[in-house]
Every structure is written in structure tokens, then in C-alpha cells.
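First the structure, in the form of C-alpha cells, and then the observations on it.
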Amino acid sequence: MQSGVCLTYLIFVPQNLRTSALLLLNVDISTTVWLLLMVIVQIPLSWIRDIRRLTVTNLLANVLILFGLLSCLGLAMRQMGESSAGDESTSFLEEIMYRAKSLPAFNPDGWFLFLGTSVLLFEGSITLLVPLIEAVNTPEDKQKFPSMYRTVIIGIVSFYAFFGTVCWMAIGDSVRTVMTTSLPQGMLATMIQLAYSLAVIFTFPLQNFPSLEIVCASVEKILPKRGVGGKISSPKMLKGSYSEISNGQRNIISSMVVVSLSIVAVLAMDDLDKVVSIMGGLFGCPLAFVFPPLIENELGKGKIGSQKWIVNLVVATLGVGAMFVSTLTTLINWN
């Protein structure tokens, strides 16, 4: 799933940079060229083994994302202030109400994409919830964690709904999958596109790190093990004694992972919405709705009541259904 998020980054950034170059330099540089440049940057960044070295770049990325979000909202508000009903005397509030009433309540053409996309929105929460709980120091704070977590999630969902509704009312149904390329042309819009592109470039190594570690751990099991003095020994001679994978081996693996993702990105460059939907449906739904309740039923045998056991089973079943519906409908409608 983390690799899927990185795949969306490799599609998002080239599209943004292509639009920015077209507006700033009046030159249409192919997304493939921008993708190649991004891969050249990301390969050495993926060699970093100590994620503490990524703290500064991740902080800078957060600042750039905050700038982009606030600027997008500002542009959307300004655009909503322009009358779309043809009456210049319309007030700002009346214009908002007019635009809201003009939006269709349901989109029958692409509703299936929403299932996987909505799940992928919370990929960070899905993968980091348990580590966050384990990182809490005191038992008292752990008791407060569930209520705090619910508050944070409600806040995030509320912001998603507000941001999406405002930008949709401002741009309308002509909005593109990469929303930043739908902003009105101007220096601020170009700055937003560049800021988001830099933010994604900076966060790519951190997003790729967990999946890269899993791949390296899997590869390490099939590699010859190092014996005393660095000599290669037979796995049978050192049964159960596994050394850490070398820097050179990890660098090769990480480079291959980035290159593999870039190849897929070339093939799916014009289908970001469908890639996101499949990532959320095929990988996000099981991680969020299927595995957790089934694990609780397995670990809680004799400890949880029958009602809780049935509820967990129902949630897992609905998760499997959502996974199949989202994935299959996306693949069927993929042109």
C-alpha cells in the first residue's frame, strides 16, 4: 500500500511540473521527462537508512503543503466571488448558494472511484495507528488516545469535506484529477503547483521507507548469510543467525523499487484517479476493514462476547465486499 502511495506521487509530480513549465516557460515538457528527473532525485534519497535525516525535508514538506492548501482555498473563495449566474449584483452568499444548488447530488459515472479513493485518504492512519499507540509513554495517556484519535479523525474528515466542497463549487465539474492543474492561470497557481511538487518530492523517501524495509527483509532471507569475519557462509551452517543486509545490497534493491514504480507510472500517467481507487480498494480495504476485526476475533477467543464477534465478522464481510466492488468496477471501466 505504501508503494502504491509512492506510485501516485510519481504520477502527480510530473503532471504538476508539466503544467508549471508550460505557464512559466511556455514550453511543453513531456511528463516522461519530468518523471525521469524525479527518479534520478529519488534513487539516492531512497538509499538513506536513518529516517531521522529526513526530518528537515519532511518538516519543509509540511510547510509547503499548508501553503498549498490555504492558497487553494483562497483562490477557490475568490473564484466563487465571481458571478456565474450572469448577475453582477449577486452577493457572495447568494453566489455560494447558487453554486451549491447547481452541483449534482450524485455522480453516476464515477461513483465507484470514490470507494477506493476515500479509503486511501487514510492510508497513514491505517498503517501507523498501532505504532502510535505503542509509542505512547504512560498508561494514562494510552487511555486518552482513543478519544483523541477520534477527535483528530473527525477534524480531518471535516476538513476534507469542506475543502472538497469549496473547490468543487469554485471549479465545477471541469475539475481535473490533479486539482492543482485546474486552478486559474496565474503566478499564485504556479507557485502552488511547484510547492506541492516539492512537498511530494521531499516526502517520497519517508513514504517509501516502510515498504522498502519489508522488501529488504524478504530479500535478506534468501541471500547467503555472512559468517565470522564477513565471509559468506551456508544458511545451514548459521541456521537462525541473520545479519543485516549490506548498504550496497540495500541501495540496489531500493533503486530497483523506485525504477519499477516509475515504469508503472509511465503506463498509468493519465489514470491517476483509477490508480488511487485500486490502491485504496485492493489494499486499503483489507488493511482497514478486514484484517483488524478478524485479528481481534482470533486474539480475543474466550475474552470477547458473541455480539462483538458477530460485529467484527460483519465489518470484515463488508470490507471484502467493498474491496471487490471498488477494484472490479475500476478495472472494468478502465479504458
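The values are calculated or read from the model by the stated rules, or taken from the named source; none is laboratory data. Here the structure is a predicted model, which is why all the values come from computation and not from measurement. No Cβ is skipped: glycine too gets one built from the backbone with ideal geometry, and neighbour counts run over all protein chains shown. SASA here: full protein model, heavy atoms, side chains in, ligands and nucleic acids out. Shrake-Rupley method; radii C 1.70, N 1.55, O 1.52, S 1.80 Å.
Structure summary
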{"read-out": "Elements of type helices (runs of 4 or more DSSP H) in the stretch 271-335, at least 2 residues being of a type in the set (Gly, Ala, Ser) and open to solvent by 60 Å² or more (accessible area, probe 1.4 Å)", "value": "none"}
{"read-out": "Check on Arg99, open to solvent by 90 Å² or more (accessible area, probe 1.4 Å) and farther than 30 Å from Val290 by Cβ", "value": "no"}
{"read-out": "Sole residue being part of a loop (DSSP other than H, G, I, E, B) and among the hydrophobic types (A, V, I, L, M, F, W, C), chosen from Ile29, Ile40, Ile11", "value": "Ile29"}
{"read-out": "Considering residues of the stretch 188-239 that are outside any helix (DSSP H, G or I) and open to solvent by less than 60 Å² (accessible area, probe 1.4 Å) only, the residue modelled with the lowest pLDDT", "value": "Leu238"}
{"read-out": "Those residues of the stretch 164-187 which are open to solvent by less than 40 Å² (accessible area, probe 1.4 Å), touching a residue at least 12 places away in the same chain (Cβ under 8 Å), over 23 Å from Ser260 (Cα atoms) and in a loop (DSSP other than H, G, I, E, B), in sequence order", "value": "Leu183"}
{"read-out": "Pair list, Cβ under 9 Å, 6 or more apart: the stretch 292-304 residue on the phi < 0 side of the Ramachandran plot, other residue open to solvent by less than 100 Å² (accessible area, probe 1.4 Å) and assigned to a loop (DSSP other than H, G, I, E, B)", "value": "Glu296/Ile304; Asn297/Ile304"}
